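Q: Sending over a structure as structure tokens; questions will come in a sec.
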Amino acid sequence: MSEYGKFIDELHGVGYVINEVTRCLDDTWLNDAVSYFASIPNALLHHSTPTRLSVLDNDYHIPPPDTEYQAEHSPTVAEFYGAAVAEAALNSESPEGLEPFEIDGRQAELVDLVSGTSARVWQTTDDHQVIVSFAFSSGGDTVLTNPLQLPGQFLANVPPAAGVVSVGQEDAVAFTNYIAEVANERGISSNNIFVTGHSLGAGTAEYVAQQTGVGGVAFAGQGIVPSDSAVGDGSNFINMITYGDPWGTLSSDIEGTQPIAADFDPENGKHPHWGNVVLLGDVQEQEELQDTFNKPFHDNALYFLVKFFERGISFHFPGNQGADLGIEAGGSIVSAFPGTHQHGEVFDAGNLTIAETLAANEERTDYHAASLPDSESEMPAALTEAAANVSADASESVLSELTGGEPGLAQGGMAALADVVGVVGADAGVQLDAVA
């Protein structure tokens, strides 16, 4: 494992500290009040429900769905993508094929400022299947009306990247259970409950699917922690990942990953994606991703950070997955951002269900034919020497504070969070730049 890979491992303690502080602050009257009032502008624009965190206290548990039925009768990939993108948009138009899932005459929506959980709920116009969509970091356009959501969403990236289940992910399961209970009262069974999201939202959707068994399609999400309490086998869930995306390939089940990813182990890795992975774009970009990060770091971490953000702009932004799938992103910053472009051949899966998409992906054998280097065994010797310099010059003081075993973990860990989020929250930074 590279020095950066070891650094991410050392962040496990930081992720735990962030999680426990978040847990203490999340379940307070102050968070209830501030989240409610901060959500009012969005509620007026979207005609949606103001945030009431009391819905997270429900004790309903989604009955495990029939995964095979869900995969075969799911909404289309384009509808999942539309819901994922619309979660971050301020426009009032519903994505094609979808309409708001309403509670008391308003679209169901939730933004928990402390845990970073942000969700909006849709249903298909034809057969009333429900899609819970989770937001990516910064919330896209919605940051203009609710900037208070930024800190919680930024910090929500850290625990999952460090191998810790976040409070936000747990809250997302509770919110999905609440929506499923409301849907069930209307005659909509768990076979028709789905989840989606992009980036941070994709990882959140993965966790909800892992813990409830519901199906869905997520875009550009990192891997998540394996769980003994997982429901189902993930056969009704797809992760759309773009070759060369430094955040989406932050996992143990995709070859040719950058040095901060977990060791490649498709069977027993410690940070895999939940369910199935469908790779988009150009396989050569994955080779270039590894080659780029295996070059010398010029005795500091600046090269790594610049390249991480640069590739995040070109490969991670949601418009990229839309272009690679031949799906129009629709109005908002998602489609207007200049870094959006198509990579490789288009995988025309927009009108396909989950099962049809997986079957079509099986036919793309030639598309993925290029051999990807193993990120551990073929790592150039120059990386080891360069990373050692990085560790000495840039990481030593931070690591000593984070892992010293003394009060330095609690005292110095929080002081280092800005640097940590700069690395693991690349998608959030990119989108903040876009908003600015």
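Q: Once R0 is set to 51 Å, what does the formula 1/(1 + (r/R0)^6) return for the Cβ-Cβ distance between Gln342 and Phe37, expressed as a FRET efficiency to the nearest 0.05?
A: Working: r = 42 Å, r/R0 = 0.82.
Efficiency, rounded to the nearest 0.05: 0.75.
Q: Give the carbon-plus-sulfur fraction of the accessible surface of region 39-96 in %, rounded to a whole number; probe 1.4 Å, heavy atoms of protein chains only.
A: Working: 1420 of 2740 Å².
Carbon and sulfur: 52 percent of the exposed surface of region 39-96.
Q: Quick check on region 102-221: what are the equivalent-ellipsoid semi-axes from the Cα gyration tensor, as sqrt(5λ), descending, whole Å?
A: Ellipsoid semi-axes (Å, largest first): 23, 16, 12.
Q: Right, here's the next one. Which value, in nm² and rounded to one decimal, describes the direction-averaged projected area of the C-alpha convex hull of region 56-163?
A: Numbers: hull surface 34.0 nm².
Mean projected area for region 56-163: 8.5 nm², to one decimal.
Q: Suppose R0 equals 35 Å; then what is the FRET efficiency for Asp127 and Asp366 from their Cβ-Cβ distance, rounded to the nearest 0.05?
A: Result of the calculation: an efficiency of 0.50.
Q: Moving on. Given a cut-off of 20 Å, what percent of all Cα-Cα pairs of region 209-272 lie beyond it?
A: 25 percent
Q: May I pose another question? With no solvent and one point on each alpha carbon, what is the Debye value of log10 I(q)/I(0) for region 1-129 at q = 0.11 Å⁻¹?
A: Calculated log10 I(q)/I(0) at the listed q: -0.57.
Q: How much length would be gained if the chain were fully extended between His47 and Glu328, taking 0.36 nm per residue of separation minus their Cα-Cα distance, in nm to one decimal?
A: 98.7 nm
Q: Net charge near Glu72, counting Lys/Arg +1 and Asp/Glu -1 over other residues with Cβ under 11 Å of its Cβ? Don't jump to the answer; show the numbers that get you there.
A: Numbers: positive: none; negative: Asp66, Glu68, Glu356.
That sum, taken over residues with Cβ under 11 Å, equals -3.
Q: Sticking with this one: Within region 144-165, name every residue whose backbone N is under 15 Å away from a label modeled 7 Å from Cα of Tyr16 along the Cβ vector.
A: Residues 159-160, 162-165 fall inside that zone.
Q: Also, I was wondering about something else. Provide the per residue accessible area, probe 1.4 Å, for region 132-271, rounded to a whole number of square angstrom.
A: Using a 1.4 Å probe on heavy atoms only, each residue of region 132-271 averages 24 Å².
Q: Rounded, prolate or oblate: which fits region 134-192, taking a ≥ b ≥ c as square roots of the Cα gyration tensor eigenvalues, rounded meaning a/c under 1.5, else prolate when a/b beats b/c?
A: Cα axes put region 134-192 in the oblate bin.
Q: Next question, about the same structure. Need one number: nm distance between label points at Asp104 and Thr28, each 7 Å from Cα along Cα→Cβ, rounded to one decimal.
A: According to this spin-label approximation, the distance is 2.6 nm.
The values are calculated or read from the model by the stated rules, or taken from the named source; none is laboratory data. The model shown is predicted, which means the values in this text are computed figures rather than measured ones. Note that each Cβ is placed from the backbone with ideal geometry, even for glycine, and that neighbours are counted across all protein chains shown. For accessibility, only protein heavy atoms count, side chains too; no ligands or nucleic acids. Shrake-Rupley method; radii C 1.70, N 1.55, O 1.52, S 1.80 Å.
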